[in-house]
1. How many residues does the range 162-173 contain that are more than 22 Å from residue 59 (Cβ to Cβ) and either buried (at least 17 other Cβ atoms within 10 Å of the Cβ) or in contact (Cβ under 8 Å) with a residue 12 or more places away in the chain (or both)?
2. Consider residue 215 carefully, then state whether it is surrounded by fewer than 19 Cβ atoms within 10 Å (Cβ to Cβ), within 16 Å of residue 143 (Cβ to Cβ) and modelled with pLDDT of 85 or more.
3. State yes or no: is residue 155 within 14 Å of the chain's Cα centre (by Cα), touching a residue at least 60 places away in the same chain (Cβ under 8 Å), assigned by TED's automatic domain parsing to the domain that holds residue 188 and crowded, with 20+ Cβ neighbours inside 10 Å?
4. Considering only residues of the range 105-144 that are part of a loop (DSSP other than H, G, I, E, B) and in contact with a strand residue (DSSP E or B) (Cβ under 7 Å, 6 or more places away or on another chain), which is farthest from residue 208 (Cα to Cα)?
5. Which of the following residues is in contact with a helix residue (DSSP H, G or I) (Cβ under 9 Å, 6 or more places away or on another chain), assigned by TED's automatic domain parsing to the domain that holds residue 43 and within 19 Å of residue 176 (Cα to Cα): 82, 76, 89?
6. Would you say residue 62 is under 20 Å from residue 34 (Cα atoms), surrounded by 14 or more Cβ atoms within 10 Å (Cβ to Cβ) and touching a strand residue (DSSP E or B) at 6+ places or on another chain (Cβ under 7 Å)?
7. Among the residues of the range 36-43, are any buried (at least 21 other Cβ atoms within 10 Å of the Cβ), under 20 Å from residue 155 (Cβ atoms) and either modelled with pLDDT of 85 or more or touching a strand residue (DSSP E or B) at 6+ places or on another chain (Cβ under 9 Å) (or both)?
């Protein structure tokens with residue numbers, strides 16, 4: 001029998017202690033989804049920067065389609081595309097389902113920074129559209145409460161104004177695309193820059209009605225017409 005040097009003995013004891021004390025890593029979709037919350041805020045509630053939107057509570061079908069769009073090049077944001085490039089359809093669907101089932105409080109609405117006339121124009125476009133230009137109202141596809149429609153159409157309330165502006169601008173420029181018929185691209189291209197700002201200002205200033213959830217599916221004809229929202 002021989003005695004180990006005290007330094008070696010201490011090292012072995014520390015290594016053994018660390019191995020015993022190391023907690024098991026949780027292997028669940030909730031744990032893996034934490035990678036998303038680094039940008040999209042705690043539990044997917046939206047980031048404070050105004051550009052990374054809320055994920056919690058959006059329809060699973062919509063979230064899934066957007067993950068596919070980022071992965072397959074119909075939406076362009078390098079960090080997102082690189083992160084999900086190796087992930088399978090089944091995994092992305094599971095990830096979308098995780099965030100879709102979260103029921104979390106929404107942030108307070110943003111105070112508008114435009115005059116009353118601009119807000120009124122935004123409200124009119126959202127609720128009534130512009131029949132003379134054959135522009136549909138936002139409520140026609142996004143639901144009368146603007147809280148989204150199952151399974152593919154997102155809500156428009158509770159989103160940061162900068163994000164709304166950025167996405168409408170991306171649709172308008174063609175940077176963001178969808179499967180045909182790309183109705184959002186068609187609509188956004190008809191909007192003037194000042195109208196996009198008016199719509200974003202009005203939407204961001206509206207409170208989320210208590211208990212709001214995505215509505216039931218649209219009638220089949222509207223689902224076809226709104227296919228580009230996917």
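The values are calculated or read from the model by the stated rules, or taken from the named source; none is laboratory data. Everything numeric in this text was worked out from a predicted model, so none of it was measured. Ideal geometry is used to build each Cβ from the backbone, glycine not excepted, and the neighbour counts take in all protein chains shown.
1. 4
2. yes
3. Here the answer is yes, as residue 155 does meet what is asked.
4. Within the range 105-144, the match that is farthest from residue 208 (Cα to Cα) is 129.
5. 76
6. Against the criterion (under 20 Å from residue 34 (Cα atoms), surrounded by 14 or more Cβ atoms within 10 Å (Cβ to Cβ) and touching a strand residue (DSSP E or B) at 6+ places or on another chain (Cβ under 7 Å)), residue 62 qualifies.
7. No, because not a single residue in the range 36-43 is buried (at least 21 other Cβ atoms within 10 Å of the Cβ), under 20 Å from residue 155 (Cβ atoms) and either modelled with pLDDT of 85 or more or touching a strand residue (DSSP E or B) at 6+ places or on another chain (Cβ under 9 Å) (or both).
Conditions (1) in contact (Cβ under 8 Å) with a residue 24 or more places away in the chain; (2) within 18 Å of residue 192 (Cβ to Cβ), marked per residue:
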residue	(1), (2)
111	yes, no
122	yes, yes
125	yes, yes
130	no, yes
133	yes, yes
143	yes, no
148	yes, no
151	yes, no
159	yes, no
